[in-house]
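Values in this text are rule-based calculations from the coordinates and carry no lab data. Keep in mind the model is a prediction, meaning the values are calculated, not measured. A quick note on method: Cβ atoms are made from the backbone with ideal geometry, for glycine too, and the neighbour counts reach across all protein chains shown.
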Amino acid sequence: MTTGIRWGILGTANIARASFLPGLRAAGGQAAAVAGRDAERTRAYAQQQGIDRAITGYEALLDDPAIDAVYVPLPNALHLPWVQRALEAGKPVLCEKPLGLTAGEVDTMVATSTRVGVPLWEAFVFMFRPHFAEIRAWIADGAIGALQEVDSHFRFALRSRDNIRLRPELGGGALYDVGCYPVHLATQLFGGAGIRAAVLVDPDPTGVDAATSGVVAFETGQLLFGASLASGPDTFTRIVGSEGVITTSNPFHPGDGDELTLQQGNRRTTVRAGDGTPSFTAQIAHIQRVVRGEEAPRATAATTSRATAATLDLIRQAPRGQ
Ligand SMILES: NC(=O)c1ccc[n+]([C@@H]2O[C@H](COP(=O)([O-])OP(=O)(O)OC[C@H]3O[C@@H](n4cnc5c(N)ncnc54)[C@H](OP(=O)(O)O)[C@@H]3O)[C@@H](O)[C@H]2O)c1
């Protein structure tokens, strides 16, 4: 058994298996427990994924003093109630994106985090990775001049119709699932929420958006975005300034084949975007250092999540063509 920060996972989620656990292992954390609604399914998942304990019911995991931090990869509509309960139980929380369905939900969770003095993070893991520091440094150093436009897409083809992404009551749809990424990138780079939006929505028969694309105006520039559950895969992104352009094949979860390119006139600089570690490693490692008291929390929900949730509100309420 590994030692280190003891993590508990709420739900036998695909993303926990595919991305959180590889990142946790690379960060030296301990997969101490998974809680699920069904005892047998949870036991099997724990065994297959090498998690120490299976617990029936999320509440029991949150009440367990042998859990130091909690990962919440539940359907989007369940983030609010379970993040609230985890924070009230005194557990630092890494919650999946989008943290809330509205800015009001995000405000509620951030207020609880502040009141109980327990940190909360949204799993936009790219914020903690070296390629994003490189993008920020290029912009801060004036390499592309004044930032004018983020042109960013996240599209993929959902293989099964039996998926939480097609359930409106669980907070499904392309905008919430993948559109939140370009929006988060833009709010972090422009330093605030959008102020106007126009969108085109392709509805799915279930009532969720199969695709949403559009333009969002910010105080100092604009976001052109595309989000889809029915095409791709595509995560191409351009960050356009008055003097240059940064392009990247995948700013959200770059792998070994992904690159960042800075174009200034005829000069082109290309660097690797991936750093050879699983995507979640850097954010989990940061949270563990915070829990051990070795580092102050950074890029928490309190400082980074509201502008994104407010911009998603703006997009959902914008005049739409269908
Ligand atoms: N950061 C990223 O890279 C990334 C990538 C993919 C997904 N995500 C996010 O992660 C979250 C989970 O996505 P996923 O694809 O892993 O979903 P998933 O495989 O369907 O997992 C969700 C889990 O929630 C639990 N659950 C509780 N109530 C449920 C209900 N009414 N219906 C269905 N499941 C319910 C289930 O576990 P039990 O039945 O065992 O309790 C289920 O395994 C979402 O917020 C999504 O946006 C993030």
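Averaging over every viewing direction, what projected area does the convex hull of the Cα atoms of region 2-152 cover, in nm²?
10.5
If you project the alpha carbons of region 88-192 onto their three principal axes, what span does each projection cover, largest first, in Å?
Here the spans come out as 43, 40, 23 Å, largest first.
From zero outward in steps of 5 Å, how is the percent of C-alpha pairs of region 79-127 spread across the bins?
5, 25, 36, 23, 10, 1
Which length gain, in nm to one decimal place, applies between Glu219 and Thr56 when the Cα-Cα distance is subtracted from 0.36 nm times their residue separation?
53.9 nm
Take the Cα coordinates of the chain, assign each an equal point scatterer, and use the Debye formula without solvent to give log10 I(q)/I(0) at q = 0.15 Å⁻¹.
-1.28
Run the numbers for Thr108 and Glu294: contour at 0.36 nm per residue of separation, minus the present Cα-Cα distance, in nm.
Residue separation times 0.36 nm, minus the Cα-Cα distance, leaves 64.2 nm.
Compute the distance from the alpha-carbon center of region 277-298 to that of region 104-157, in whole Å.
15
What is the spin-label model distance, in nm, from Val116 to Gln148 if the labels are put 7 Å beyond Cα along the C-beta direction?
For the pair Val116/Gln148, the computed spacing is 4.7 nm.
What is the ratio of the Cα radius of gyration of region 115-257 to 2.2 N^0.38 Å, with N the residue count, to two decimals?
That works out to 1.10 for region 115-257.
Taking Cα atoms, how many degrees apart are the long axis of helix 103-116 and the longest axis of the chain, rounded to 10 and kept between 0 and 90?
It is inclined by approximately 50 degrees.
Can you give the longest run of the chain that contains no trypsin sites (Lys or Arg not before Pro) sitting in a DSSP loop with at most 13 other Cβ atoms inside 10 Å?
162-291
Is region 179-283 rounded, prolate or oblate when judged by the Cα gyration tensor, a ≥ b ≥ c being the square roots of its eigenvalues, rounded requiring a/c under 1.5 and prolate requiring a/b larger than b/c?
Note, shape of region 179-283 comes out oblate.
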